[in-house]
Amino acid sequence: MTRVTKKSYKFAFKSAAYITLIASIVLALMLYLGTDTSLWIVLWFAIALYSMSFFILQYRVEFFIYRRIKKIYDDVSLLESTSFQNQPVTTDMVTLTREIEKFAKDKKLEIETLKVRENYRKEFMGNVSHELKTPLFTVQGYIHTLLDGAMEDKNIRKKYLQRAAKGVERLTYIVKDLDMISKLEAGELNLEYEKFDIVELIQGVFDLLEMRAAKKNITLTFDMKYKPIDVWADKERIQQVVMNLVMNSIKYGKDDGTTEVSVENLIKNKVIVRITDNGEGIEKQHIPRLFERFYRVDKSGNRKEGGSGLGLSIVKHIIEAHHEKIYVESVHGVGSEFSFTLEKSK
């Protein structure tokens, strides 16, 4: 306790000692020189004491802050150490307190952000592991069964090889999608812009997915009859976007339902493509995370509909690579609407 007290009052002890010593010397000099009026002695002593106290305290405080507070600044990297070399050290404790409080607030926010990212990283790694593990174990199981003797039966051999091939195909699909997302994020996937009719492209997607929709008796349709609408974008990538969104509407749509697409004009030479379904919809808490890799609204692990779990993430990256926006609106039990903007061809 004594040691702590000595350290705490070291600054005050030294400052008081310096003032007392110099004040005593000045008083002694004034008495030595002598004057007839003691009032003048008191006046001059007061002025001298005030001036000396100001300079001594100012020097001591600045020295204290420079040695102690600067060390705190340097330790927490609040300010660059070079900022103290070309200007006097401030004695404004209010400013210092404000800066340290701001630093603490920023650090708290940074720590919380890092925690969220760490949780996302763990979840992402778990999802990747799960998505890869399922087809790998499937392929491994069929191959081991064949090696253990089932290969001799021609019918079993063909059936198991076909199933193993489907597992490999799923693995390839996941790896290709991950590779595409990585390239899109790194800006390594070059977009080949061209003029094309977005209405014709959407109709082409309807034709490709017609049989898949027919299995659930879902109608793929436009909201009205459209004339050609030319846009300026990467045709192949936009087809992939429309394909993924329409396929999702079929996957999660109700039997005997409808997937409806509209193309509307916006300001600044833009159009917005809306893909609306009357399926099961999405609960509100899931919407902010829909475009994350491998994020699934259905946590049951059901993979009956297939897919890599990367479709919406790829859609988002492709649209953002075009410097456009993608939106989602959904009401659970009513349906969902995904929409994105494109630039019209000039």
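Summary table below
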| quantity | calculated |
| --- | --- |
| Under-5 Å amide H pairs with residue 222, H placed in peptide plane, nonlocal only | 261 |
| Cα-Cα P(r), region 203-346, percent of pairs per 10 Å interval | 11, 43, 37, 9, 1 |
| Neighbourhood charge, 13 Å Cβ-Cβ cut-off, centred on residue 256 and excluding it, Lys, Arg +1 and Asp, Glu -1 | +1 |
| Principal axis box of region 169-213, alpha-carbon based, largest edge first, Å | 31, 30, 11 |
| Residue order, fewest to most surrounding Cβ atoms within 10 angstrom, among 63, 54, 340, 291 | 54, 63, 291, 340 |
| Ranked packing of 203-216, 147-160, 315-328, 253-266, most packed first, by mean Cβ within 10 Å | 315-328, 253-266, 203-216, 147-160 |
| Residue 258 long-range amide H proximity, modeled H, under 5 Å | 219, 278 |
| Directionally averaged shadow of region 105-186, computed from the convex hull of its alpha-carbon atoms, nm² | 7.0 |
| Spacing of the two label points (7 Å from each Cα toward its C-beta) at residue 155 and residue 108, in nm | 7.1 |
| Stretchable slack from residue 325 to residue 266, in nm (0.36 nm times residue separation minus alpha-carbon distance) | 20.0 nm |
| Region 194-343: relative contact order as a whole-number percent, Cα under 8 Å and 6+ apart | 25 |
| Cα-based equivalent ellipsoid, region 242-300: semi-axes from gyration tensor eigenvalues, Å | 24, 17, 10 |
| Violating pairs (Cα-Cα greater than 19 angstrom) within the set 227/325; 195/268; 166/316; 195/227; 216/254 | 227/325; 166/316 |
| Relative contact order (%) - region 105-186, alpha-carbon pairs under 8 angstrom, separation at least six | 28 |
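Read-outs throughout are calculated quantities, based only on the coordinates presented, and are distinct from any laboratory measurement. The structure displayed is predicted, hence computed values, not measured ones. We place every Cβ from the backbone using ideal geometry, glycine too, and count neighbours over all the protein chains shown.
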